[in-house]
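To start, the structure under review is shown below, and the notes come after it.
The values are calculated or read from the model by the stated rules, or taken from the named source; none is laboratory data. On a predicted model such as this, the values are computed, not experimentally measured, just so you know. All Cβ positions, even for glycine, are placed from backbone atoms using ideal geometry, and neighbour counts span all protein chains on display.
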């Protein structure tokens with residue numbers, strides 16, 4: 001994630017804490033409170049700027065935002081405490097959202113709009129955060145060397161037929177931690193550890209730094225199958241429609257649970273100066289136009305089931321998502337990290 005410069009960050013904090021007006025009001029929303037709405041976001045600038053600009057144009061709101069890594073933003077909120085300028089935290093993965101809520105950094109919101117727009121399994125049970133987009137983490141495979149009929153579940157990738165044919169991203173990324181946490185819920189800790197050890201034994205090479213590298217390794221012939229968030233594959237497919245890689249939806253058989261789906265989402269900070277305005281932004285992001293922009297810009301799935309995915313994403317076919325409440329992946333995050341360490345998955 002791209003961070004703003006320290007100079008800009010300092011200016012942002014100073015501007016938000018100042019009692020003087022630092023920008024001309026824009027429209028009715030801004031005239032009711034001249035201070036900007038402040039968002040801390042781990043989402044890339046190019047993914048959130050168009051959303052914020054559209055919202056500003058529609059409402060007259062003024063938004064200032066700071067981008068950084070999930071961990072850095074959560075630590076910043078902790079350090080700033082009641083003096084934080086942030087009204088809203090936007091981050092990726094239920095594990096990060098759960099952690100922020102567990103640390104007391106988010107406050108509940110009472111929004112019928114959000115409850116109607118986003119299914120309960122993609123929201124915090126105490127309403128401290130909600131998903132805004134969905135990302136499926138599933139298998140991708142070489143269309144030149146793999147018969148898709150040989151693929152089934154995440155656990156099956158530990159079988160001997162995939163020896164020296166599997167590529168994975170590092171276990172340090174929260175996406176894999178949440179996947180393993182979900183597997184613990186489904187399979188139990190002992191069986192999940194056996195599976196993860198099997199993955200490690202089947203690796204064609206050391207884990208990669210990112211999902212893009214996993215797909216590229218399949219293209220190059222280093223490995224035949226991998227596990228990625230589908231939008232990483234989608235970006236490469238958009239650049240090269242003839243890419244010899246395809247998506248396989250994991251765990252689709254009866255009783256297998258369904259494909260692991262995680263989220264990006266947002267919550268109102270505990271000490272937000274403008275909680276009502278922060279909630280209004282979340283409500284807008286959970287509905288029509290914003291949900292379509294999410295889907296088109298990053299090839300993610302809308303969290304609002306009334307909005308269709310981008311056409312490219314629809315071409316990957318329908319799948320059954322795991323119906324496990326996504327916050328469970330957060331509660332088991334620490335257990336997942338310890339398990340992966342024991343299994344030798346680095």
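Of note:
- Neighbours by Cβ (under 9 Å, 6+ apart or cross-chain): first from segment 115-129, at positive phi; second in a loop (DSSP other than H, G, I, E, B) and at pLDDT 95 or above: 127/108; 127/109; 127/110; 127/111
- Residues satisfying the stated conditions in segment 126-157, i.e. within 16 Å of the chain's Cα centre (by Cα) and part of a strand (DSSP E or B): 130, 131, 132, 133, 134, 135, 136, 137, 138
- Screening residue 278 with (1) under 16 Å from the mean Cα position of the chain (by Cα); (2) within 27 Å of residue 100 (Cα to Cα) gives one miss only, at (1).
- Odd one out for residue 118 among (1) over 25 Å from residue 253 (Cβ atoms); (2) touching a helix residue (DSSP H, G or I) at 6+ places or on another chain (Cβ under 8 Å); (3) surrounded by 19 or more Cβ atoms within 10 Å (Cβ to Cβ): (2)
- Yes/no for residue 214 being in a helix (DSSP H, G or I) and in contact with a strand residue (DSSP E or B) (Cβ under 9 Å, 6 or more places away or on another chain): yes
- The residues of segment 333-346 that are in contact with a helix residue (DSSP H, G or I) (Cβ under 7 Å, 6 or more places away or on another chain) and either farther than 19 Å from residue 137 by Cβ or modelled with pLDDT under 95 (or both), listed by number, are 333, 342, 344.
- Residue match in segment 267-289 (condition: closer than 27 Å to residue 210 by Cβ, in contact (Cβ under 8 Å) with a residue 24 or more places away in the chain, in the same structural domain as residue 61 (by TED's automatic domain parsing) and touching a helix residue (DSSP H, G or I) at 6+ places or on another chain (Cβ under 9 Å)): yes
- Boolean, residue 142 is crowded, with 22+ Cβ neighbours inside 10 Å, in contact with a strand residue (DSSP E or B) (Cβ under 8 Å, 6 or more places away or on another chain) and not assigned by TED's automatic domain parsing to the domain that holds residue 267: no
- From the options 177, 161, residue that is farther than 26 Å from residue 281 by Cα, assigned by TED's automatic domain parsing to the domain that holds residue 223 and either out of contact with any helix residue (DSSP H, G or I) (no Cβ under 6 Å at 6 or more places or on another chain) or in a loop (DSSP other than H, G, I, E, B) (or both): 161
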